[in-house]
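Presented below is the structure to which this report refers.
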Amino acid sequence: MLKELKGEKKNASLLNIYIIKIMKILFQKNKLIEKYKNRNIFLLFFLIMIFFPKYSSKIIITISGEGTQSILSDIFSQLPSKVSINGEVKTQLTKKYPMDSENTVIMEWETPIKNCSNMFTSLTNIIKVDLSNFDSSQVVDMSRMFYKCNNIKEINLNGLNTSLVTDMNSMFYECKSLLSLDFSSFNTLKVVDMHEMFFDCDSLTSLNLTSFKTPSLTTTNFMFNDCDKLIYIDLPNFVTSNVNNMGSMFGWCVNLP
C-alpha cells in the first residue's frame with residue numbers, strides 16, 4: 001500500500017513538472033512559476049486553457065421581439081455546430097425569447113466560415129448588427145448577405161475583413177431603413193460582382209466609397225438603382241475598365257447631381 005502511494009505521489013509530481021514546463025513556455029514568467037510550482041493553480045490554468053476556448057468570431061444582433069426565435073434559428077443553421085449564445089454554448093436553440101420587447105443576442109464561435117451568402121436574407125425584424133468582431137478572413141462570398149432586411153437601421157462593418165471576397169452582389173438589397181454605412185475597412189480588390197449591391201436603399205443620402213478599389217470588377221448593373229435620396233457618392237478609386245455590364249447603375253437616383 002505504501003509503495004502504491006509513493007508511486008502515485010511520484011506520478012503526480014511528474015505531472016506537475018510537465019505542467020510547469022508547459023506554463024513556462026506559454027507565459028514565459030519563470031520566476032512566478034518557480035515560486036508557485038507546487039501549487040495546483042497551474043493545473044487549473046492548464047485545464048481552463050483546454051476546455052474554455054477563445055472565440056474567433058462574434059456578432060451582436062438586436063431584433064424586435066416577435067421575430068427573435070425564427071431569426072436566430074435561421075442564422076444558427078448557417079454557423080458551425082458549436083456556438084455560444086449570450087455566454088452559453090449551444091448545439092441547438094432551446095431558449096424562448098420575449099415577443100414584446102427588443103432582444104440583443106451575442107453569438108460567438110471558433111471555426112471561421114467561408115460563405116456569408118444569404119446570412120441575414122429577408123430577416124425583416126433585425127434592427128441592428130455589429131460585425132466588428134466577426135472573423136471574415138476566409139469569407140469569399142457576401143452576396144445577398146443583408147438582402148431585404150427592410151428594417152435594419154445600423155450595421156457596424158468596422159474591422160470586417162473582405163480581402164478574399166469576390167461576390168458582393170445584392171449585399172444590401174432593399175435595406176430601406178439604413179441611414180449610413182462605413183466602408184473604411186473594406187478591401188474590394190478581388191470583388192468581381194457588385195450588381196444590385198445597394199438596390200433600393202432609399203434612406204441613404206451619401207456613400208463614401210473611397211476604399212473601393214476595383215481592378216477585378218466586371219458587373220455593376222443596378223448597383224445604386226432606386227437610391228432616390230442619395231445626393232452624394234465618392235468613388236475616386238473605382239475602376240471600371242473590366243466592367244462589361246453597367247446597365248441602370250444609377251437608375252432612378254433622381255437627386256444625384
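We did not get these values from a lab; they are worked out from the coordinates using the rules stated. Bear in mind the structure is a predicted one, so any value in this text is a computation, not a measurement. Cβ: placed from backbone, ideal geometry, glycine included. Neighbour counts: every protein chain shown.
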Distance between modelled label sites at LYS82 and SER137, nm, 7 Å Cα→Cβ extension: 1.9
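Stretched out fully, how many nm does the piece from SER203 to THR94 gain, at 0.36 nm a residue minus the Cα gap? Walk me through the intermediate numbers first.
Values: separation 109, 0.36 × 109 = 39.24 nm, distance 3.62 nm.
Extra length available between SER203 and THR94 comes to 35.6 nm.
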Spin-label model distance (nm) - SER177 vs SER73, 7 Å beyond Cα toward Cβ: 2.2
Between the stretch 149-202 and the stretch 93-130, the alpha-carbon center distance in angstrom: 17
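Evaluate the stretch 103-153: find the radius of gyration of its Cα atoms, find its Kirkwood radius, and give the ratio Rg to Rh. Please list the in-between numbers first.
Details: Rg = 11.5 Å, Rh = 11.9 Å.
On the Cα set of the stretch 103-153, Rg over Rh gives 0.96.
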Distance violations [Cα-Cα > 29 Å] among LYS114/LYS148; LYS82/LYS176; LYS58/LYS190; LYS95/LYS148; LYS95/LYS128; LYS58/LYS229: LYS82/LYS176; LYS58/LYS229
Cα gyration tensor of the stretch 111-257 - equivalent ellipsoid semi-axes, whole Å, descending: 21, 19, 13
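Could you rank the peptides 108-115, 57-64 by their average count of other C-beta atoms within 10 Å per residue, with the highest value first? Walk me through the intermediate numbers first.
Numbers: 108-115: 16.2, 57-64: 19.2.
In descending order of packing, they fall as 57-64, 108-115.
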Rough spin-label spacing in nm, given labels placed 7 Å along Cα→Cβ, for LYS128 and VAL254: 3.3
